[in-house]
1. Which order results if S87, S140, S125 are arranged by neighbouring Cβ count within 10 Å, fewest first?
2. Using the reciprocal of the averaged 1/r over all distinct C-alpha pairs, how large is the Kirkwood radius of region 84-128 in Å?
3. Once label points are set 7 Å from the Cα along Cα→Cβ at both T136 and K92, what is their separation, rounded to one decimal in nm?
4. Could you please rank I82, I133, placing first whichever residue has the fewest other Cβ atoms within 10 Å of its Cβ?
5. For each of H120, H104, count neighbouring Cβ atoms within 10 Å of the residue's Cβ, then give the residues from fewest to most.
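Read the figures in this text as sums done on the coordinates, not as results from a lab. Keep in mind that this is a model prediction, so the values were computed, not measured. Here the Cβ is made from the backbone with ideal geometry for all residues, glycine too, and neighbour counts use every protein chain on show.
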Amino acid sequence: MFRRKKKEEEIVEPVPATEAASESAPEQAPATDASLSQADSEAPAAETKPASVEAPAGSEGVAAKTAGKRATSGRGNRVQKIGIVTSDKMQKTVLVRVDRTVLHQKYRRYVKRRSKFMAHDDLGSTTGDRVRIVETRPLSARKRWRVVEIVQKAAK
């Protein structure tokens with residue numbers, strides 16, 4: 001929180017840019033025509049890359065990577081939270097409680113904070129389930145989240 005000043009601070013004087021460049025860079029010999037032609041002949045070989053072969057959309061590798069997740073077509077990273085379903089009495093909507101710990105600014109102790117989010121649920125989660133929710137466009141007046149997966153089912 002508080003930083004103590006060092007008693008003996010070393011003062012470093014900046015070196016002017018012209019002196020620094022001359023000291024760090026050794027003298028280079030002027031380029032000859034032979035070296036230029038050799039560099040030109042190597043450059044195209046290094047630039048050519050093999051054409052990337054893409055697997056069709058129905059391949060197993062792509063399906064395994066995107067299993068259980070929706071494609072985010074250029075929308076960036078959406079915020080994801082994990083919480084516990086506290087109410088499932090609505091149709092296709094659940095109330096998710098997300099617990100987090102925050103460092104208290106004055107007392108420097110961790111304090112529990114809770115937030116409740118209304119989330120759209122097509123998976124059929126019930127009260128007590130631990131679910132992962134992701135932010136989405138407004139679906140109703142208070143519903144801006146969607147249940148992506150059920151992480152852990154509630155013990156019965």
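1. Details: S87 13, S140 9, S125 22.
By the 10 Å Cβ count, ascending, the order reads S140, S87, S125.
2. Working: mean 1/r = 0.0842 Å⁻¹.
Computed over region 84-128, the radius equals 11.9 Å.
3. Placing both labels 7 Å beyond Cα along the Cβ direction yields 0.9 nm.
4. On the way: I82 14, I133 25.
Fewest-to-most Cβ neighbours within 10 Å comes out as I82, I133.
5. Values: H120 17, H104 9.
Neighbour counts put them in this order, fewest first: H104, H120.
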